[in-house]
Amino acid sequence: MNWEVVIGLEIHAQLATKSKLFSGAAIGFGAEPNTNTTLVDLGMPGALPVFNKEALRMAVMFGAAVNAKIGMTSVFARKNYFYPDLPKGYQTSQMDHPIVGEGFLDITLDDGTVKRVGITRAHLEEDAGKSLHEDFQGMTGIDLNRSSTPLLEIVSEPDMRSAKEAVAYVKMIHSIVTYLGICDGNMAEGNMRCDINISLRPKGQAEYGTRTEIKNVNSFRFIERAIYTEIERQADILEDGGKITQETRLYDPDKDETRSMRSKEDANDYRYFPCPDLLPVELTQEYVDIIRNNLPELPTQKAERFMREYKLSEYDANVLSATRAMADYFEKVAEIAGNAKLAANWVMGELSKYLNTEGKDITESNVTSEQLGGLLVRIEDNTINGKTAKSVLQSMWEGEGSADQIIDAKGLKQVTDTGAIEEMIQGVLDANAAQVEQFRASDEDKQKKMIGFFMGQVMKASQGKANPGKVTPILNKLLKG
Amino acid sequence: MVDQSITSLAKKLRAKETSSVELTQDFLSRIKQFDGQLNSYITISDEIALAQAEAADKKLAADDNASLLTGIPVAHKDLFCTNGILTTCASKMLNNFVPPYESTVTSRMQASGVVTLGKTNMDEFAMGSSNENSHYGAVKNPWNLEKVPGGSSGGSAAAVAAGLCVAATGTDTGGSIRQPASFCGITGLKPTYGRVSRFGMIAYASSLDQAGPMARSAEDCAHILQSIAGFDANDSTCSDIATEDYTASIDAPLDGLIIGLPKEYFGDGLDNDVATAIQNAVKEFEKLGGKVKEISLPNLNLSIPSYYVIAPSEASSNLSRFDGVRYGYRCEDPKDLMDMYKRSRGEGFGKEVQKRIMVGTYALSEGYYDAYYLKAQRIRRLIKEDFVKAFEEVDVIMGPVAPTTAFGIGAKTDDPIAMYLEDIYTLSVNLAGIPAMSVPAGFANGMPVGLQIMGNYFSEAKLLNVAHKFQQATDWHTKNPSLVEGA
Amino acid sequence: MSLDKQDVQKIAHLARLSLSDSDAEQYKDSLTSILDLVAQMQSINTDGVEPLAHPLEAKQRLRDDIVTEENRRDAFLANAPQTEAGLFLVPKVID
């Protein structure tokens, strides 16, 4: 059977506030257990929540960025269930009246086509704590530092039809939230995590099949692989005439398989109701307009500007605008170098090679944008040529200093003095008299092929320091005799 | 000393006729002498009280502008979290809970210089109308030890009536200040929802709970309200509407006061002698210049079902935090996590609490939410609208607090529905969120009768003025029960 | 509305309350009578009436995003039934 896969995603983005959603405790990881907690986060008797202004602003920013209806009245609701890392016995979330309503965003697929993905809603909610399963007298330890950390849960329509589309969507959300500065996007630390709803149906069928939900997938690569293995699992069952059980599953990257989380299935009746400790959040049109009018440039807009302003190709513009950090880096390099094309080539080429080799993100680059810009300035003013620049970059990557320091220290400055160059070329020609003779006896086509040999010899003699632009005319003149 | 008002004690303290330490010692010895019979206190914080009294005496000596409450011995209902003092909510669940923080109400009173004698008994988690649902045993009515003091703030009411404190705090979710005040012959005020912060108050039903004073007179209630009322950034539901000076107009004449008498408050089920006492009180108001107008609050009967869905629903969620993980009771040797949850809660909560948790759990569960919870909230709006309409025509509404005087201990424990019906005159006030008082208005069958005075939103000053004028004209609030000694 | 013992046990499980069989029997009757009491709501027409969640119908206030709290872990942990290394301990959680 020819199956069509239907995918919808729920992304939890941790909002980059300083304090918690409902208390004045610090947000912070790696802190000693239970040290970033207050009465509210611990669910102490008599503790009451007070809503963080900044979390609201961030949620509205996101809504504005995905063309969504903003909930002018949003209501916090309690989702009731018992779990040791959920101190109050309920999670404060939003149900019937979320802060962000229907919206959409456009993703660009590998073949260049643009696909629109619907956003169903996005709502604010508090995170739970952590259960630590190391052996404490055979018991589980509970750390509530993460309790009440603000999350924005972004729910998509079931609009995606492949793992690639799903990944492109998650990357776009990642890019939007980091551009907005509302989430650091660190998936490895769980600051952005993904629940994947996935079902299959025979191609052409209108109704959706039974779906499963894969919980808490936390890297782009795992999202793709989890979807592939789940498609395969579901297809196998359906091909054998079986039925898919609607359930929550977990992706195990080591085994590359999903498995059922039966413990979560235990009679879920969350008994949502409006939180009586919090009042409806009411927004004014003015508040929303100010946020909307002051949104930073978003990835798509930035890519368009890169194409327009810097005359970059669509591909280059997309790569360089993929993350805000990358875009900022590139623009700084371009500004210093005064040549955007050159900056694009170096950022996407040489620099990316080093980053990829060491598995580093642009924010972790050994070479700052200022340093790389400084290097390109020296190419632009003919102090060094491109080839030398590559070796300078290597030294910079290894921490030997700025481009100028390295050029000075290693004496890499290009020779541009015409007299000196002429003298050096003459020396090369004298040393290769036989080839010169051969050259002079050849026809024009042959000569064109031979010129590379002399060029190479000259560069070798100059230890790469001769400016190729100056060498060529002089070499031509002297060869002709 | 023990049956005197805050105003007169404050005068004596300033005239050095007595000291706060002396006063505190008097009250502590009275508690020792009489509370064995009454059981109105769960915890007596004598060391803290005496230290506070010493500090109060120093403050009085040094500062002519010290708050009127400085050095006045009071008690707190045992659901206000008190830093370093056991706070039990009268539950086995919190048998060992010592909060490292202070509720806004108690901390504001502390800032006003009061002396905390201890924590008063109550119905467990404030669920009850008789104070029989306490892990620490029933409280007895000081007017008749065979009778209940009312609930849930029964300990506070009994302690004030018996002169075991000058005044006390209470909370009122469905009548829990007014009904025990009525049963024990004292004055109690449930303020407008949001007038007083709920921070540090262990929640029963968040959208209904409100703290207020219980004292021997309206004037004393005014002094305490002055201390505790007002905006608190820690409670999102606390109002930022400015407070008033609650004693400034307390003596204002009542000429032209329009008093609404809802016919539904005087119908079937109201005890005849209680009715007579209330009618006499209303006549007194007419003498003071009031004009009576019959009104209707047509949805009164619906307040019972609406309340008994909304309050348990909120409670079922509010009480989920008592899970044996971070504080409170944990069962012995749990065999696994589920066992820990179920036995800690099953053993830690009393029967009435478990019952209400289950009612609320059911009302919120899938398939029933619309028919129960949402329906109850729609009716809640109808009830509120009844009051809004009434207050377009009248200044205050009067009626009984309860259909009867205090009933016998054990008389209604087998019939929970009869107990719930007792709340018929008080519940609608909480559903609407308006302020109301209970004021002593005579006796029926030898037991005190409380007159209920209800006011429009944030009209506490008016209510206190109305109650105070009545107390100037009558002496019901000055009557004292004769106490029986015993451990 | 009439509940049977199984209904009561189901509700008790959702609310995490251990009930003995005789408890369940008792609660069956008292819960049923409460549900009967509240059933009188159903006879009232509330079409078009908006549910009222808060008496004052005020709006939520916002807190500035600043850290105001210090670490008071030891004071909080002091009330816990069982702790180790700054953690609350519970019987093993099995995912």
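The values are calculated or read from the model by the stated rules, or taken from the named source; none is laboratory data. These numbers were taken from a predicted model, which means no experiment stands behind them. Virtual Cβ from ideal backbone geometry, glycine too; neighbours counted across all protein chains shown. Note: accessible area is taken over every heavy atom of the protein model, side chains too, but ligands, DNA and RNA are not part of it. Shrake-Rupley method; radii C 1.70, N 1.55, O 1.52, S 1.80 Å.
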Radius of gyration, Dmax [region C:3-95; alpha carbons; angstrom] | 22.4, 58
For the table A:Lys115/A:Lys243; A:Lys18/A:Lys360; B:Lys283/B:Lys375; A:Lys243/C:Lys92; A:Lys311/A:Lys332; A:Lys79/A:Lys215, the rows whose alpha-carbon distance is greater than 28 Å are A:Lys115/A:Lys243; B:Lys283/B:Lys375; A:Lys243/C:Lys92
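Restricting to Cα atoms and excluding each atom paired with itself, what does the Kirkwood estimate give for chain A in Å? Please list the in-between numbers first.
Numbers: mean 1/r = 0.0375 Å⁻¹.
Kirkwood radius, chain A: 26.7 Å.
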Using the heavy atoms of the protein chains alone and a 1.4 angstrom probe, what is the accessible area of region A:418-480 per residue in square angstrom?
-> 59 Å²
A:Phe22 accessible area, assembled protein chains, probe 1.4 Å, Å² = 10 Å²
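Would you tell me the mean number of C-beta atoms belonging to other protein chains that fall within 10 Å of each C-beta in B:97-108, as a whole number? Could you put the intermediate results ahead of the total?
Numbers: counts 3, 3, 7, 9, 9, 1, 2, 2, 0, 0, 0, 0.
Rounded to a whole number, the mean comes out at 3.
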How would C:Asp65, B:Asp415, A:Asp445, A:Asp240 line up by accessible area, probe 1.4 Å, largest first?
-> A:Asp240, A:Asp445, B:Asp415, C:Asp65
Taking r as the C-beta separation of B:Lys287 and B:Glu393 and R0 as 30 Å, the FRET efficiency to the nearest 0.05 is 0.85
Summed buried accessible surface, chains C and B, 1.4 Å probe, nearest 100 Å² | 5400 Å²
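Sorted by packing (mean other beta-carbon atoms within 10 Å per residue), highest first, where do A:43-56, A:24-37 land?
Values: A:43-56: 23.3, A:24-37: 19.6.
Ranking the peptides A:43-56, A:24-37 by packing returns A:43-56, A:24-37.
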Rounded to whole Å and sorted largest first, list the principal axis extents of the Cα atoms in chain B.
-> 64, 52, 44
Listed by chain and number, the lysines with an alpha carbon less than 26 angstrom from that of A:Lys410, same-chain partners under 8 positions apart left out, are A:Lys353, A:Lys387, A:Lys390, A:Lys460, A:Lys465, A:Lys470
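What is the sum of charges, Lys and Arg at +1 and Asp and Glu at -1, for the other residues whose Cβ falls under 14 Å from the Cβ of A:Ile182?
0
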Probe 1.4 Å, heavy atoms of protein chains only: per residue, the accessible area of chain B in Å² is 30 Å²
Please give the residues from region C:75-93 for which the solvent-accessible area of heavy atoms, probe 1.4 Å, is smaller by at least 50 Å² with all protein chains in place than with the chain isolated.
-> C:Phe76, C:Asn79, C:Pro81, C:Gln82, C:Glu84, C:Leu87, C:Phe88, C:Leu89, C:Val90, C:Pro91, C:Lys92, C:Val93
Diagonalise the Cα gyration tensor of region A:38-105 and give the resulting equivalent ellipsoid semi-axes, square root of 5 times each eigenvalue, largest first, whole Å.
-> 28, 13, 10
Computed over region A:69-123, the relative contact order (Cα-Cα under 8 Å, seq sep at least six) in percent reads 33 percent
So, with +1 on the Cβ of K and R and -1 on the Cβ of D and E, and no other charges, what is the size of the charge dipole of the protein assembly as shown about its Cα centre, to the nearest 20 debye?
-> 1040 debye
One finds the C-alpha centres of region B:425-487 and region A:17-36 to be spaced, in Å, by 46 Å
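Please compute, over every Cα-Cα pair in region A:297-410, the percentage with a separation greater than 25 angstrom. Provide the component values of the computation, followed by the final result.
Working: 1198 of 6441 pairs.
Distances greater than 25 Å cover 19 percent of the Cα pairs.
Using a probe radius of 1.4 Å on heavy atoms only, what accessible surface per residue do you get for region A:3-290? Whole Å² is fine. List each step's numbers first, then the result.
Working: 10550 Å² over 288 residues.
Accessible area per residue: 37 Å².
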The farthest towards the positive end of the charge dipole of the protein assembly as shown, of the residues B:Val449, A:Met326, B:Met338, given +1 on Cβ of Lys and Arg and -1 on Cβ of Asp and Glu, is A:Met326
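Normalised by the number of residues in chain B, what is the relative contact order in percent for Cα pairs under 8 Å and 6+ residues apart?
Numbers: 1216 pairs, mean separation 92.3, N = 487.
Relative contact order of chain B: 19 percent.
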Among B:Met419, B:Gly350, B:Ala432, the residue whose Cα sits farthest towards the positive end of the charge dipole of region B:345-487 (+1 at Cβ of Lys and Arg, -1 at Cβ of Asp and Glu, taken about the Cα centre) is B:Ala432
For chain A, give the percent of accessible area contributed by carbon and sulfur heavy atoms, probe 1.4 Å, rounded to a whole number.
-> 48 percent
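If the viscosity is 1.306 mPa s and the temperature 10 °C, what translational diffusion coefficient in µm²/s does Stokes-Einstein give for region A:76-223 when Rh comes from Kirkwood over Cα pairs? Can you show the working numbers first?
Working: Rh = 17.4 Å.
Using the Kirkwood radius from Cα pairs, D works out to 91 µm²/s.
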Calculate how steeply helix C:21-39 sits against the longest principal axis of the alpha-carbon atoms of chain C, using the helix alpha-carbon long axis, and give the answer as 0 to 90 degrees to the nearest 10.
-> 70 degrees
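With only Lys, Arg, Asp and Glu charged, each at its Cβ (+1 for the first two, -1 for the last two), find how big the charge dipole of region A:297-410 is about the Cα centre; round to the nearest 20 debye. Display every interim value, and only then the final one.
Working: 13 positive and 19 negative charges, 62 e Å.
The dipole magnitude comes to about 300 debye.
What per residue convex hull volume, in Å³, do the alpha-carbon atoms of the protein assembly as shown yield? Write out the running numbers ahead of the final one.
Values: hull volume 236.7 nm³, N = 1063.
Measuring per residue, one finds 223 Å³ for the Cα hull of the protein assembly as shown.
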For peptide B:340-349, how many partner chain Cβ atoms fall within 10 Å of a residue's Cβ, on average?
-> 5
For A:Met72 paired with B:Thr478, estimate the spin-label separation in nm (one decimal), with each label point 7 Å from Cα along the Cα-to-Cβ line.
-> 6.0 nm
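Can you tell me the length gained on complete extension of the stretch A:Asn345 to A:Lys460, counting 0.36 nm per residue apart and subtracting the Cα distance?
38.8 nm
What's the ranking of A:422-431, B:57-66, B:17-26, B:187-196 by average number of surrounding C-beta atoms within 10 Å, highest first?
Numbers: A:422-431: 15.4, B:57-66: 12.9, B:17-26: 18.6, B:187-196: 29.6.
Descending packing order for the listed peptides: B:187-196, B:17-26, A:422-431, B:57-66.
Would you list the membrane-span-like helices of chain A, meaning whole DSSP H runs whose alpha-carbon atoms span at least 15 Å along their axis and whose mean Kyte-Doolittle value is at least -1.0?
Numbers: long enough: A:53-65 (18 Å, 0.73); A:163-180 (25 Å, 0.78); A:220-239 (28 Å, -0.28); A:299-310 (16 Å, -1.71); A:324-337 (19 Å, 0.03); A:369-380 (16 Å, 0.29); A:386-397 (16 Å, -0.27); A:418-431 (20 Å, 0.50); A:444-461 (25 Å, -0.48); A:468-480 (18 Å, 0.05).
Correct list, ordered by number: A:53-65, A:163-180, A:220-239, A:324-337, A:369-380, A:386-397, A:418-431, A:444-461, A:468-480.
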What are the lysines whose alpha-carbon lies under 16 Å from the alpha-carbon of B:Lys59, with same-chain residues fewer than 8 places away excluded?
-> B:Lys11, B:Lys12, B:Lys16
Using a basic spin-label model with each label point 7 Å from the Cα along Cα→Cβ, how many nm lie between B:Asp26 and B:Asp64?
-> 2.6 nm
Using packing as a proxy for protection, rank A:242-251, B:460-469, A:126-135 so that the peptide with the highest average count of other Cβ atoms within 10 Å comes first.
-> B:460-469, A:126-135, A:242-251
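Please report the antiparallel percentage of the DSSP beta bridges confined to the protein assembly as shown, to the nearest 5. Working shown, then result.
Values: 89 of 109 bridges.
Percent antiparallel among DSSP bridges in the protein assembly as shown is about 80.
Could you work out the per residue convex hull volume over the alpha carbons of region A:1-114, in cubic angstrom?
Details: hull volume 23.3 nm³, N = 114.
Cα-based convex hull of region A:1-114, divided per residue, equals 204 Å³.
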Quick calc of log₁₀ I(q)/I(0), region B:27-185, Debye, one scatterer on every Cα, no solvent, q values 0.11, 0.14 1/Å, result -0.39, -0.62
In terms of Cα to Cα distance under 29 Å, which lysines are near enough to B:Lys140, apart from those fewer than 8 places away along the same chain?
-> B:Lys32, B:Lys77, B:Lys92, B:Lys119, B:Lys190, B:Lys351, B:Lys355, B:Lys412, B:Lys479
How big is the charge dipole of region A:51-147 about its Cα centre, in debye rounded to the nearest 20, if each Lys and Arg gets +1 on its Cβ and each Asp and Glu gets -1 on its Cβ?
-> 460 debye
Note the angle between two axes, namely the Cα long axis of helix C:5-14 and the longest principal axis of the Cα atoms of chain C, as a number of degrees from 0 to 90, rounded to the nearest 10.
-> 30 degrees
Extend 7 Å from the Cα of B:Lys351 along its Cα-to-C-beta direction; within region C:1-30, residues with backbone N under 15 Å of that point are C:19-30
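For peptide B:329-337, compute the average count of partner chain beta-carbon atoms within 10 Å of each residue's beta-carbon. Don't skip to the answer; put the middle values down first.
Values: counts 1, 5, 2, 0, 1, 3, 1, 5, 10.
Across the residues of B:329-337, the mean count of other-chain Cβ atoms within 10 Å is 3.
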Dividing the mean separation of Cα pairs under 8 Å (6+ apart) by the residue count of chain A yields a relative contact order in percent of 14 percent
Along the charge dipole of chain C, which of C:Gln40, C:Leu89, C:Leu56 sits closest to the positive end, that is, farthest toward it, with unit charges on the beta carbon of Lys, Arg, Asp and Glu (+1, +1, -1, -1)?
-> C:Leu89
